[in-house]
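Engineer: Got a structure for you, questions after.
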């Protein structure tokens with residue numbers, strides 16, 4: 001999945017060896033150009049590369065008509081289906097649900113309608129103990145539900161607890177993408193509490209708090225305060241103002257409140273939920 005698609009997105013994807021045809025979902029937070037001007041080019045390039053699989057685009061309601069005009073007027077022909085899902089600016093909503101993950105949109109407080117996204121992994125969190133399942137004569141047809149934590153009611157052995165039939169396995173991860181919003185931690189807390197990784201915009205240093213407020217953005221310190229209050233495991237900050245040639249002061253400011261803060265750096269991969277992906281490691 002791709003979260004926002006600013007101008008130059010295709011070049012960066014190519015630069016880091018990321019195949020555009022593998023993208024199944026694109027999520028656009030709002031209609032400021034730095035967040036979606038690269039989308040028309042990306043979609044039409046997918047057609048040139050021979051894409052045939054459907055593409056889901058999630059974003060503000062007007063995005064569908066904007067894209068359709070650009071595609072029609074440029075006489076572009078898409079050999080694949082584009083499915084548009086409109087985000088809501090007044091309420092949270094599940095915008096995508098698959099067997100592997102779900103995505104919820106959250107209205108943010110910006111100058112124009114804007115939403116953040118919470119991505120939650122959906123996989124069985126237990127591994128089958130096949131020997132135990134055989135011992136307790138569990139039918140194969142019950143295996144899937146047991147991997148999700150279900151006990152097995154046996155006519156011969158009574159209720160066989162799940163911990164007997166399984167061992168600890170995969171732990172589902174979650175990621176919050178919060179960009180372009182005025183500081184309001186109390187509003188965000190119920191949505192981002194305890195997430196494995198929080199991306200939060202940090203446009204300014206705290207010394208420009210008034211400017212951040214005027215432009216409906218946040219400071220690095222405010223992002224860290226939000227992360228600390230929400231008890232997230234890790235914070236990543238980005239969306240820095242062009243006035244800053246060096247992100248180190250912003251990262252240091254955030255770390256003064258929330259030590260486990262990372263800078264969003266182009267080309268760097270972060271493994272969500274990986275204990276080794278901590279500040280000062282790697």
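Engineer: Place a point 7 Å from the Cα of residue 125 along the Cα-to-Cβ direction; which residues of the range 137-155 have their backbone N under 12 Å from it?
Structural biologist: So the set is 148-150.
Engineer: For the residues 39, 48, 55, 70, what sequence is obtained by ranking on other C-beta atoms within 10 Å, fewest first?
Structural biologist: 48, 70, 55, 39
Engineer: Would you kindly give the portion of the calculated P(r) for the range 219-273 that falls above 12 Å, as a percent of all Cα pairs?
Structural biologist: 63 percent
Engineer: If you don't mind, there's one more thing I want to ask. Please build a GNM for the chain, connecting alpha carbons under 10 Å apart, and tell me which residue among 76, 247, 227 fluctuates the most.
Structural biologist: Judging by the Gaussian network model, the answer is 76.
Engineer: Could I ask something else about it? So if I average 1/r over every pair of distinct C-alpha atoms in the range 173-282 and take the inverse, what Kirkwood radius in Å does that give?
Structural biologist: Over the range 173-282, the inverse of the mean reciprocal pair distance is 13.7 Å.
Engineer: Okay, moving on. Given contacts defined as C-alpha pairs under 8 Å and at least six residues apart, what's the relative contact order of the range 35-155, whole-number percent?
Structural biologist: About 17 percent, as a whole number.
Engineer: Between the range 222-246 and the range 157-214, what's the alpha-carbon centroid distance in Å?
Structural biologist: 13 Å
Engineer: With viscosity set to 1.567 mPa s at 4 °C, what whole-number translational diffusion coefficient in µm²/s follows for the range 1-51 from Stokes-Einstein and a Kirkwood radius over Cα pairs?
Structural biologist: 118 µm²/s
Engineer: log₁₀ I(q)/I(0) of the range 1-98 at q = 0.13, 0.15, 0.22, 0.24 Å⁻¹, via Debye over equal Cα point scatterers, no solvent, to two decimals?
Structural biologist: For the range 1-98 at q = 0.13, 0.15, 0.22, 0.24 Å⁻¹, log10 I(q)/I(0) is -0.43, -0.57, -1.26, -1.48.
Engineer: Cα convex hull of the range 126-168: mean projected area in nm², to one decimal?
Structural biologist: 2.4 nm²
Engineer: Here's something else I'd like to know. The chain: D in µm²/s via Stokes-Einstein (Kirkwood Rh, Cα pairs, 37 °C, 0.692 mPa s)?
Structural biologist: 156 µm²/s
Engineer: Then there's this: Can you sort 184, 131 from fewest to most other Cβ atoms within 10 Å of each residue's own Cβ?
Structural biologist: Sorted ascending by nearby Cβ count, the order is 131, 184.
Engineer: Something else about it: Over 18 Å apart: what share of the alpha carbon pairs of the range 145-207 falls there, rounded to a whole percent?
Structural biologist: So the portion of pairs separated by more than 18 Å is 59 percent.
Engineer: Across all directions of projection, what mean area in square nanometres is found for the Cα convex hull of the range 107-229?
Structural biologist: Averaged projected hull area, Cα only: 9.7 nm².
Engineer: Restricting to DSSP H runs of at least four residues, report the calculated mean residue ellipticity at 222 nm for the chain, -39500 (n - 2.57) per run over all residues, nearest 500 deg cm²/dmol.
Structural biologist: Mean residue ellipticity at 222 nm (helix-derived): -7500 deg cm²/dmol.
Engineer: For a quick check, take a GNM of the chain with Cα springs below 10 Å and name the residue from 111, 83, 127 with the largest mean-square fluctuation.
Structural biologist: 127
Engineer: Mind pulling the per residue volume of the convex hull built on the Cα atoms of the range 45-133? Å³ is fine.
Structural biologist: 142 Å³
We did not get these values from a lab; they are worked out from the coordinates using the rules stated. For clarity, every value in this text was computed on a predicted model and none was experimentally measured. Cβ coordinates were reconstructed from backbone atoms using ideal geometry, including for glycine residues, and neighbour counts include every protein chain displayed.
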